[in-house]
Amino acid sequence: MKNLSSDDLVQKLKSDKDAFLLDVRTEEEYNMSHIPNSKLLNIRDPQLFIDGIQGFDKSKNYYVYCHSGVRSVQACQIMKTFGFNNLNNLIGGISEWKGLKTT
């Protein structure tokens, strides 16, 4: 897992054709504000999270974020145990995000 700053993530999302942006917060948090084109998969619902990632393409590059960076690290650790190798965590979560947000 790599930790990326907001600026790093903005650049990666512009250039990475295999990017998959994953928001691991709750639906309520997501509805308040999220990064455009992100997919929501709530890590606080463990079975839903595991079921969800099992349907993901492991060849993609995953960019994972939450509110402050704690849940996204946990999500990356879980995903790694399921065979995902291309994992990136947004340091500080959406609270540090400097790019566009959908509200």
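The values are calculated or read from the model by the stated rules, or taken from the named source; none is laboratory data. Computed from a prediction, not measured in an experiment: that's the story for all the values here. Every residue, glycine as well, gets a Cβ built from its backbone with ideal geometry; the counts of neighbours run over all protein chains shown.
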**Message:** I need the full set of residues from the range 1-28 which are within 18 Å of Val70 (Cβ to Cβ), surrounded by fewer than 18 Cβ atoms within 10 Å (Cβ to Cβ) and among the charged types (D, E, K, R), in order please.
**Reply:** Lys2, Glu28
**Request:** Quickly run through the range 30-60 and pick out the residues that are among the charged types (D, E, K, R), over 16 Å from Lys80 (Cα atoms), outside any strand (DSSP E or B) and free of Cβ contacts under 8 Å to residues at least 24 places away in the same chain.
**Result:** Asp45
**Complete:** Flagged in the range 78-97 as in a helix (DSSP H, G or I), under 19 Å from Ala19 (Cα atoms) and touching a strand residue (DSSP E or B) at 6+ places or on another chain (Cβ under 9 Å), in numbering order, are Met79, Lys80, Gly93, Ile94
**Request:** Filter the range 1-12 down to residues that are out of contact with any Phe, Trp or Tyr (no Cβ under 7 Å at 6 or more places or on another chain), closer than 18 Å to Lys98 by Cα and not in a strand (DSSP E or B), then give me how many there are.
**Result:** 5
**Message:** With the requirement that a residue be part of a helix (DSSP H, G or I), within 17 Å of Glu29 (Cα to Cα) and not basic (Lys, Arg), what does the range 66-77 give you?
**Reply:** Val70, Ser72, Ala75
**Request:** Return yes or no: is Gly93 of a type in the set (Gly, Ala, Ser) and either touching a Pro at 6+ places or on another chain (Cβ under 9 Å) or at pLDDT below 95 (or both)?
**Result:** no
**Asked** Would it be correct to say that Tyr63 is part of a helix (DSSP H, G or I) and modelled with pLDDT of 95 or more?
**Response** no
